[in-house]
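**Q** Sharing a structure here in structure tokens format.
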Amino acid sequence: MKNQLIKELLVSEPDGRSVKVCGWVRTIRDSKNLVFIQVNDGSCFAGIQLAYDRSNPNGADTASIEKELKRVSTGASVIAEGKIIPSPASGQAVEVTLMSLRVVGESPSDYPLQKKGHSVEFLREIAHLRPRTNMIGAVMRVRSQMAFAVHSFFQERGFQYFHAPLITCSDCEGAGEMFQVTTLDLNRIAEAGIKAGAKGMNPEKASELVDYSKDFFGRMSSLTVSGQLEAETYATALSRVYTFGPTFRAENSNTPRHLAEFWMIEPEMAFFELEDDMDLAEDFVKYLMNWALTKCAEDMQFFDSRVQKGLIETLTAVANSDFARISYTDAVKELEKNNDKFEFKAFWGCDLQTEHERFLTEQVFKKPVMVYDYPKEIKAFYMKLNPDGKTVRAVDVLVPGIGELIGGSEREADYDKLINRIKELGMKPEDYWWYLDLRKFGTVPHSGFGLGFERLIRYITGMGNLRDVIPFPRAPKLCDF
Ligand code: 4AD
Ligand code: MG
């Protein structure tokens with residue numbers, strides 16, 4: 001007999017036919033004649049109940065079942081066969097009366113998920129087992145659904161899925177937060193240093209010990225912080241593209257909002273100006289909210305009742321709202337009126353802190369807000385300069401409870417302005433020769449943005465920390481699995 005997912009069994013007709021159930025035991029209740037085993041296979045939130053009545057075995061393989069029951073415990077894997085019938089118990093439509101049972105893998109008493117209600121911190125320590133909990137199981141199903149939603153949104157709109165390289169030699173955001181990729185033997189370099197006189201060595205010579213021409217790529221290389229620059233090359237050929245892949249940042253920020261490895265979605269569109277970019281970002285976020293509410297209803301019910309009360313209402317409101325739009329300059333005016341409430345006082349030119357972002361979206365507008373036209377000094381080199389010469393066509397999408405969800409901009413499409421900016425920032429134009437070529441040959445206005453996938457999942461699930469919405473989180477001093 002073929003096994004079916006519990007998700008399928010739960011919505012099938014309880015017509016007494018024989019079915020096969022495969023999964024992991026969550027609970028077992030064995031009292032006198034009645035045995036109930038709750039089995040979950042992660043295909044959906046709910047499990048299915050196996051019921052066995054000793055006083056009425058109905059032709060079940062009783063000797064074998066009794067033998068196997070002695071081996072059943074929380075966490076054990078089982079394959080069971082039985083008849084699917086309407087359940088007399090409340091809260092479940094169907095159950096399976098047991099005809100045969102096989103424990104495939106026992107689960108000894110040191111199984112860490114015996115009881116319910118573990119803290120998220122504890123669960124992080126058993127990241128390999130935590131998907132077997134209700135909470136993390138639900139998060140990861142939503143994550144999977146939302147990945148599909150991302151593709152669906154862009155594919156419906158004629159975008160091509162573009163795979164940006166993960167190893168690169170350009171620092172897109174210019175923040176110097178890149179993880180180096182090297183096959184050089186650091187120990188041997190250190191030994192050479194010691195031989196060369198180590199402490200007594202001329203510090204200027206120290207760099208000579210590291211010869212990147214001998215490194216794998218013959219030059220210094222890193223993991224990418226963003227696929228944007230490469231996406232621009234394809235947008236100026238295929239018109240509309242998007243990336244969706246891992247990015248890496250060696251930011252030393254130990255916060256619930258940052259990961260060292262996170263997934264980012266970066267659409268890039270030729271012939272899009274900033275307003276078009278903002279419209280797309282708004283449509284995208286609303287589309288994702290609607291998808292979560294309709295396609296993940298059961299899991300969303302759990303988050304709404306157990307993780308963040310009112311979550312469904314909040315997301316529904318977002319899906320139906322018009323996002324506010326305000327220039328950075330006006331946003332700062334708004335913040336300055338409330339400077340007594342902030343740890344970091346706001347002023348024109350300051351980089352907005354999470355407290356400022358949250359104030360704007362949670363207190364001032366009470367809905368998502370897009371802040372645009374930031375001072376050029378606090379944004380990356382590639383953004384289009386405004387006629388005022390001071391601000392750039394950047395946009396951040398801020399949402400309640402999270403702060404920045406999306407960062408994007410219209411790109412500088414003018415060759416001379418871009419090369420000036422590169423030089424102004426002390427970067428080397430020759431490192432960006434290919435990027436500058438896009439402005440030399442058939443340049444076009446173009447725009448894009450980046451949405452942090454984990455921030456999205458956190459927003460949708462109401463979870464408190466990005467570390468709990470990615471299977472194996474990487475953060476400073478955290479790479480345990
Ligand atoms: O604002 P950021 O740095 O923008 C870029 O990387 C642009 N190249 C995007 C583009 O225009 N194509 O990052 C984009 C988003 C942020 O808004 C945030 O959601 C997320 O990426 N993000 C992080 N998420 C988790 N951990 C981190 N350390 C993150 N840093 C940024
Ligand atoms: Mg940003």
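**Q** Net charge near residue 260: determine it from the other residues with C-beta under 11 Å of the C-beta of residue 260, scoring Lys and Arg +1 and Asp and Glu -1.
**A** Numbers: positive: 249, 467, 474, 477; negative: 177, 251, 261.
Neighbourhood net charge equals +1.
**Q** Counting DSSP beta bridges in the chain, what percent are antiparallel, to the nearest 5? Spell out each step's value before the answer.
**A** On the way: 68 of 76 bridges.
So the antiparallel bridges in the chain amount to around 90 percent.
**Q** Tell me, what ³J(HN,Hα) does each residue in the stretch 178-192 have, in order and in whole Hz, if you take phi through Karplus 6.51 cos²θ - 1.76 cosθ + 1.60 with θ = phi - 60° and put x for Gly and Pro?
**A** Along the stretch 178-192, the couplings run 9, 7, 6, 10, 8, 10, 5, 8, 5, 5, 5, 5, 5, 4, 4 Hz.
**Q** Mind checking the dipole of the chain: about its Cα centre, +1 per Lys or Arg Cβ, -1 per Asp or Glu Cβ, Debye to the nearest 20? Let's see the in-between values first.
**A** Values: 59 positive and 68 negative charges, 335 e Å.
Computed about the Cα centre, the dipole is about 1620 debye.
**Q** Over the stretch 407-451, what per residue volume does the convex hull of the Cα atoms give, in whole Å³?
**A** Values: hull volume 3.8 nm³, N = 45.
Value for the stretch 407-451: 84 Å³ per residue.
**Q** Quick one: divide the alpha-carbon radius of gyration of the stretch 249-405 by 2.2 N^0.38 Å and tell me what you get. Don't skip to the answer; put the middle values down first.
**A** Working: Rg = 16.8 Å, N = 157, 2.2 N^0.38 = 15.0 Å.
This ratio for the stretch 249-405 stands at 1.12.
**Q** Something else now. Which whole-Hz couplings ³J(HN,Hα) result when phi for each residue of the stretch 400-415 is put into the Karplus expression 6.51 cos²θ - 1.76 cosθ + 1.60, θ = phi - 60°, listed in order with x for Gly and Pro?
**A** With coefficients 6.51, -1.76 and 1.60, one gets x, x, 10, x, 5, 9, 9, x, x, 5, 7, 8, 5, 9, 8, 4 Hz.
**Q** In the chain, what percent of the accessible surface is made up of carbon and sulfur (1.4 Å probe, ligands and nucleic acids excluded)?
**A** Working: 12270 of 23430 Å².
Of all accessible area on the chain, carbon and sulfur atoms account for 52 percent.
**Q** Tell me the Kirkwood radius of the stretch 39-157: reciprocal of the mean inverse pair distance over distinct alpha-carbon atoms, in Å. Don't skip to the answer; put the middle values down first.
**A** Working: mean 1/r = 0.0592 Å⁻¹.
Evaluated on the stretch 39-157, it is 16.9 Å.
**Q** To continue, here is another question. Tell me whether the stretch 10-73 comes out rounded, prolate or oblate; compute the Cα gyration tensor, take square roots of the eigenvalues as a ≥ b ≥ c, and use a/c under 1.5 as the rounded threshold. Provide the component values of the computation, followed by the final result.
**A** Working: a/c = 1.95, a/b = 1.29, b/c = 1.51.
Note, shape of the stretch 10-73 comes out oblate.
**Q** What does the charge add up to near residue 65, with Lys and Arg as +1, Asp and Glu as -1, over the other residues with Cβ less than 13 Å from its Cβ? Mind dumping the intermediate values first?
**A** On the way: positive: 54, 67, 70, 71, 102; negative: 30, 53, 61, 66, 68, 81.
Summing Lys and Arg as +1 and Asp and Glu as -1 gives -1.
**Q** Treating the angle as unsigned and between 0 and 90°, give the value, to the nearest 10°, between the Cα long axis of helix 274-295 and the longest Cα principal axis of the chain.
**A** Once rounded, the angle reads 10 degrees.
**Q** If you don't mind, another one. Using only Cα atoms, figure out Rg for the chain and give it as a multiple of 2.2 N^0.38 Å. Could you put the intermediate results ahead of the total?
**A** Numbers: Rg = 27.7 Å, N = 481, 2.2 N^0.38 = 23.0 Å.
Here the answer is 1.20, to two decimals.
**Q** Amide H of residue 73: which non-local residues (sequence gap of 5 or more, or other chain) have their own amide H closer than 5 Å, using H built in the peptide plane?
**A** Amide H neighbours of residue 73, under 5 Å, 5+ apart: 107.
**Q** Can you list the HN-Hα couplings for the stretch 251-266, worked out from phi with the Karplus curve (6.51, -1.76, 1.60; θ = phi - 60°), rounded to whole Hz and with x for Gly and Pro?
**A** Karplus values, whole Hz, x for Gly and Pro: 6, 8, 10, 8, 10, x, 9, 10, 10, 7, 10, 9, 9, 10, 10, 10.
**Q** Using only helices, what value at 222 nm comes out for the chain when you add -39,500 (n - 2.57) per DSSP H run of length 4 or more and divide by the total residues, to the nearest 500 deg cm²/dmol? Intermediate results must be reported in sequence, preceding the final value.
**A** Numbers: 15 runs with 149 residues, N = 481.
Value at 222 nm, helices only: -9000 deg cm²/dmol.
**Q** Right, here's the next one. Summarise the long-distance tail of P(r) for the stretch 398-481 by giving the % of C-alpha pairs beyond 21 Å.
**A** Values: 1891 of 3486 pairs.
Across the stretch 398-481, Cα pairs with separations above 21 Å total 54 percent.
**Q** Heavy atoms only, probe 1.4 angstrom, no DNA, RNA or ligands counted: give me 70, 295, 477 ranked by accessible area, highest first. Show your work: numbers first, answer last.
**A** Working: 70 170, 295 115, 477 200 Å².
Result, largest first: 477, 70, 295.
**Q** Just the number: Rg to Rh for the stretch 144-241, Cα atoms, Kirkwood Rh, two decimals. Provide the component values of the computation, followed by the final result.
**A** Numbers: Rg = 20.3 Å, Rh = 16.8 Å.
So for the stretch 144-241, dividing Rg by the Kirkwood Rh gives 1.21.
**Q** Probe of 1.4 angstrom, ligands and nucleic acids ignored: what's the accessible area per residue over the stretch 290-371, in square angstrom?
**A** Working: 4310 Å² over 82 residues.
That works out to 53 Å² for each residue.
**Q** Using only alpha carbons, build the gyration tensor for the stretch 115-194 and give me the equivalent ellipsoid semi-axes, biggest first, whole Å. Spell out each step's value before the answer.
**A** On the way: eigenvalues 260, 160, 21 Å².
Gyration-tensor ellipsoid for the stretch 115-194: 36, 28, 10 Å.
The values are calculated or read from the model by the stated rules, or taken from the named source; none is laboratory data. Predicted, not measured: the structure shown is a model, and the values here were computed from it. No Cβ is skipped: glycine too gets one built from the backbone with ideal geometry, and neighbour counts run over all protein chains shown. Accessible surface areas use protein heavy atoms only, side chains included; no ligands, DNA or RNA. Shrake-Rupley method; radii C 1.70, N 1.55, O 1.52, S 1.80 Å.
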